[in-house]
Structures are given as C-alpha cells and as structure tokens.
Amino acid sequence: MLFEYSNKTIKSIRVKISDKPGYLGRLTSLVGSMDGMFGEIKSVHIGKGYKIRDLDVYTDGEEQLKAILKEVEKLEGIEIIAVKDIVEEYHQGGKVKVVPTVSVETIDDLKIVYTPGVASICKQIAADKSLADRFTTIPNNVAIVTNGTAILGLGDIGAVAGMPVMEGKALLFSRLADINGVPILIESHDSEVIIETVKNIAPTFGAIKLEDIKAPECFEIEERLQNMLNIPVMHDDQHGTAVVVLAALLNIAKYTFLNLHQSSVGFIGLGAAGTGIFKLLKAYGVTKLIGTDLNAQAKELFRELGGTPTDLAGVMKNSKIVIATTGCPDLIKPEMIQPGQVVLALSNPNPEIDPELAVKSGAIFAADGKSVNNALAFPGLFKGALSSKAKTINDRMKIAAAKTIASFALDGDLVPNILDRKVHDAVALAVEQEAFKSGAAVNPE
C-alpha cells in the first residue's frame, strides 16, 4: 500500500557510551551524516562513567547499515554491544489474538457461555436474525481481505506474505476504534474467486475492508461486492488514502489561501490510490481534473470517470496541485515545477521529487507520503459506519472524515498524530452523523 515505509531496514543498536559531554552527539551526527535516521533512543543501564543505550536506526538497506556500523566502531568512547532486529522481535508469533469478553471461572460459567445455555440464544437468532446484532460480535467484526497482489511497495508477493500487514490493520482497528479486525487471506488472482469467497463469509462481518488488491481488479471487486452485500465494502488503498489526502489538501488550502474547488488538480499515476483520490476530489467539488499513467487502460477509465487524460508534461504544466502516486522516485524533475504549484509526491520510501527540492524549484508547498497515512482514516470510517448500521460508506461520509481529520492538525501540520484516539473517535462520530444525513443509514423508528 502507498504511504508505508516498505523498504526501510530498522535495527536496534545497543551501545556503551562514555558518560561525558559530546560522545552521544558524535554518534548521532555520524549516523545522520551517512543518511541514517533515528527512531527511539533510550537508556537501559547507567554505570560508572558510562551509559548503555538502545538506538533504533532506520536505513535504506543492510549495506547502508553495515557501512554505518563500521564507522561507529571507529569512534572513541563508543562500543557496539549488540545489533538486534526489532522488527522480527515485534512480529514473533503475530501481532493480534482473540480474547474473551466474559469471565469463565466455574463450570456454571461454562454452562452459561457454552452448552447448554447458548442454545437458547441460538434459537432466538434462528427466529429473528436481527438479534445477532445484540447477542454476537458480528456488528463489530470487519474482514480485512487481501489476495496479496499489491502489498506495500513490494507488489504481488502473495496473500500469506501480506499477513503481517493485515495483522497490523487488525491491531490498529483494535487500538484506535475497538473493532475486531479479522485478516482473510485469499490466494487467488481470479476476481470471481475473491468475490464469491467474500460473499460467502460476509454473514460473519459487519463490514468488509479490501486491502492491497491491485488495480484494475480492485475496482470491479469492490463495486460488485458492494452491490451484492447489504454491509459496507471499502477498498482502503483507494478510499482511506483519498480521505487523508483530502484532509491534507484542506489544510494546505488554508495555509496557502488556495481555493481548492477552483484549482486545477493533476494526477500522475492512476492506479488504486490515484483513482480513489480523483473520485473523492471530484465528489468534493473539484472540477478541473487532469491525469496521466503509463497504462492506457487506466487513462481510459480516468476519462470515463470524468477526468481529462494527458501526458506527464501536460500535468506538470497545467496543474495548480500535482498529486503523484507512481512508486517511481525522482520522476518529477525540478525544471517541471511551475511557480506557486502545490506538489504532493506521495510514493514511499522515495518520492517522485524531494519536497525541499520542489519548494526550491518554485513550489509554494510540497510534501511526501511519510506523513500522509491512511491509518488516520479507516478506523474512524468503519467505526462510524458500523455504529450507524450504514449499508455503504459513501462520499459524504468520507468527506466528513477528511474535514474532521484536518481540523485536528496542529497549526502548520498537514494531519494530526495517527495514534491520537480523540481524532478517531471524532471521525467516527462525524461519519455516523453523515451516514444518517445522507441516507446511507436509516434512523431507527
């Protein structure tokens, strides 16, 4: 999926450092000078005249890491004790589990939650299926479905290889929205197999979240499932991404006094993310929409949806706002930037143009994908849809989510902290309210 650190190597380096001024600074300066980045830095032991610290270091691969470690070993007063793969440690045994919500301490408890007590609940649901909403987890379950054809920036690596990502989504559902996210892996490239599988398991869930399924198949799969099921079906690579991009654009418009409705927006890359962003901006009221892609079929679909296809030069020349989602680093050259242009080069880990270079080349504002993560959107979107018992997640609900996300950003930032639970609660409430206002949900009588 877009907007993830899909190609970064993350290691925890344990070092023994002389407890004197300047030694830690020399280490951090060295790592920075070699294009390494730091995550968490923490002290784990304080001895006489020294400290032992764990430093999480991000690099672009093992070779860069080895080069950094070789130079660190030359520093006086600093000793490398260990290098650990903290990513592997975090993923050992998976990242989620199923836990009970009631206590079972006695045989009597067991008889109540299981047989024979459970039979009475089964009979009630058999007589009135709507009671499943009251007596089961179904209305709070979301299927996280992938066939592994577009995992992060890694491409088609298969559904099983994508399981760690699906577990991550389930973790975020639980942590940020109290939703039961259930990974569903389908090892098939056949759209019919995916559609039939999801249709048949749908009674278990209150909503379906399609994840990391490549374009153009993802468009048909989402549309057909939404038409055949009476619960929300949303392809997150399209719509979750679009919501967060719209939130970022709302704040960019505020900071730069840009009229978003009247601005020309150009898309470089018309895959799942680019198409999803285009659809939502069109629904928001942006009318000047042009785009390009290497795939002729993608450009034709863009035309059918109401966009104006062109080439790369045409997008760069005629767009006030440029949104690039190609996965192709350095695609946008400095000389292509127009004075006063807004550039969102959203491919990670390497954007189509470095934001600082874009601004130096004349852009009024530029950003990459590191701060624009669709995990800001999907927990609240689905929670609001489930709370309202909406049958779909429509554009009005997505726009409500985007406006709410934008409103929580600190002054000068594009979007708020992704782990701020208040943001997700507010998004869920806004989506729930808009579900009723727009007719996606029906007010109970």
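The values are calculated or read from the model by the stated rules, or taken from the named source; none is laboratory data. For clarity, every value in this text was computed on a predicted model and none was experimentally measured. With ideal geometry, Cβ positions are generated from the backbone for all residues, glycine too; neighbour counts draw on all protein chains shown. The protein model used for the area step is the full one, side chains on, heavy atoms only, and it has no ligands, DNA or RNA in it. Shrake-Rupley method; radii C 1.70, N 1.55, O 1.52, S 1.80 Å.
Which pairs have Cβ atoms under 8 Å, sit 6 or more apart or on different chains, and link a residue in region 416-439 that is of a type in the set (S, T, Y) to one that is crowded, with 18+ Cβ neighbours inside 10 Å and part of a helix (DSSP H, G or I)?
Note: pairs meeting the criteria are S438/M397.
Somewhere in region 357-366, is a residue under 25 Å from E223 (Cβ atoms), assigned to a loop (DSSP other than H, G, I, E, B) and open to solvent by 10 Å² or more (accessible area, probe 1.4 Å)?
no
Sort through I112, I144, I86, I107 and tell me the only one that's over 28 Å from L229 (Cα atoms) and either basic (K, R) or touching a strand residue (DSSP E or B) at 6+ places or on another chain (Cβ under 7 Å) (or both).
That would be I86, the only listed residue that is over 28 Å from L229 (Cα atoms) and either basic (K, R) or touching a strand residue (DSSP E or B) at 6+ places or on another chain (Cβ under 7 Å) (or both).
Kindly indicate which of I86, I46 is hydrophobic (A, V, I, L, M, F, W, C), modelled with pLDDT under 95 and within 22 Å of G25 (Cβ to Cβ).
I46
Please state which one of F436, F382, F378, F408 is open to solvent by 60 Å² or more (accessible area, probe 1.4 Å), modelled with pLDDT of 95 or more and of a type outside the set (D, E, K, R).
F408
State all residues of region 212-245 that are touching a residue at least 60 places away in the same chain (Cβ under 8 Å), closer than 17 Å to L381 by Cβ, open to solvent by 10 Å² or more (accessible area, probe 1.4 Å) and more than 17 Å from the chain's Cα centre (by Cα); if no residue qualifies, say none.
Result: Q226, I231.
State all residues of region 61-99 that are closer than 30 Å to P183 by Cα and not in a helix (DSSP H, G or I); if no residue qualifies, say none.
Answer for region 61-99, where residues must be closer than 30 Å to P183 by Cα and not in a helix (DSSP H, G or I): G61, K84, D85, Q92, G93, G94, K95, V96, K97, V98, V99.
Say whether the condition of being under 30 Å from F205 (Cβ atoms) and of a type in the set (S, T, Y) is met by at least one residue in region 371-390.
Yes, there is a match, as at least one residue in region 371-390 is under 30 Å from F205 (Cβ atoms) and of a type in the set (S, T, Y).
Condition test on I353, is it of a type in the set (V, I, T), open to solvent by 30 Å² or more (accessible area, probe 1.4 Å), farther than 21 Å from I144 by Cβ and touching a strand residue (DSSP E or B) at 6+ places or on another chain (Cβ under 7 Å)?
For I353, the condition - of a type in the set (V, I, T), open to solvent by 30 Å² or more (accessible area, probe 1.4 Å), farther than 21 Å from I144 by Cβ and touching a strand residue (DSSP E or B) at 6+ places or on another chain (Cβ under 7 Å) - is not met.
Can we say I144 is over 30 Å from T28 (Cα atoms), in a strand (DSSP E or B) and either out of contact with any Phe, Trp or Tyr (no Cβ under 8 Å at 6 or more places or on another chain) or in contact (Cβ under 8 Å) with a residue 40 or more places away in the chain (or both)?
yes
So L154 fits all but one of (1) open to solvent by 50 Å² or more (accessible area, probe 1.4 Å); (2) farther than 30 Å from D60 by Cβ; what number is the exception?
(2)
I'm checking my understanding of the structure. Among residues of region 246-261 that are of a type outside the set (A, V, I, L, M) and in contact with a strand residue (DSSP E or B) (Cβ under 8 Å, 6 or more places away or on another chain), which one is least open to solvent (accessible area, probe 1.4 Å)?
Here the answer is T256.
Taking into account only those residues within region 85-137 that are exposed (fewer than 11 other Cβ atoms within 10 Å of the Cβ) and polar (S, T, N, Q), which is nearest to the chain's Cα centre (by Cα)?
Ranking the candidates gives Q92 first.
With the condition kept exactly as written, say whether any residue in region 28-35 is assigned to a strand (DSSP E or B), modelled with pLDDT under 95 and more than 30 Å from D156 (Cβ to Cβ).
Among the residues of region 28-35, not one is assigned to a strand (DSSP E or B), modelled with pLDDT under 95 and more than 30 Å from D156 (Cβ to Cβ), which makes the answer no.
Looking at the structure I just gave you, is I41 part of a strand (DSSP E or B), β-branched (V, I, T), surrounded by 13 or more Cβ atoms within 10 Å (Cβ to Cβ) and at pLDDT below 95?
yes
Within region 163-211, work out how many residues are within 22 Å of L429 (Cβ to Cβ), surrounded by fewer than 18 Cβ atoms within 10 Å (Cβ to Cβ) and small (G, A, S).
Summing the residues that are within 22 Å of L429 (Cβ to Cβ), surrounded by fewer than 18 Cβ atoms within 10 Å (Cβ to Cβ) and small (G, A, S) in region 163-211 gives 1.
Can you report the number of residues in region 155-173 which are within 15 Å of the chain's Cα centre (by Cα) and either within 29 Å of Y114 (Cα to Cα) or in a loop (DSSP other than H, G, I, E, B) (or both)?
Selection size over region 155-173: 4.
Of all residues in region 286-340, which are surrounded by 16 or more Cβ atoms within 10 Å (Cβ to Cβ), in a helix (DSSP H, G or I) and in contact (Cβ under 8 Å) with a residue 40 or more places away in the chain?
Across region 286-340, the qualifying residues are A298, L301, L312, V315, M316.
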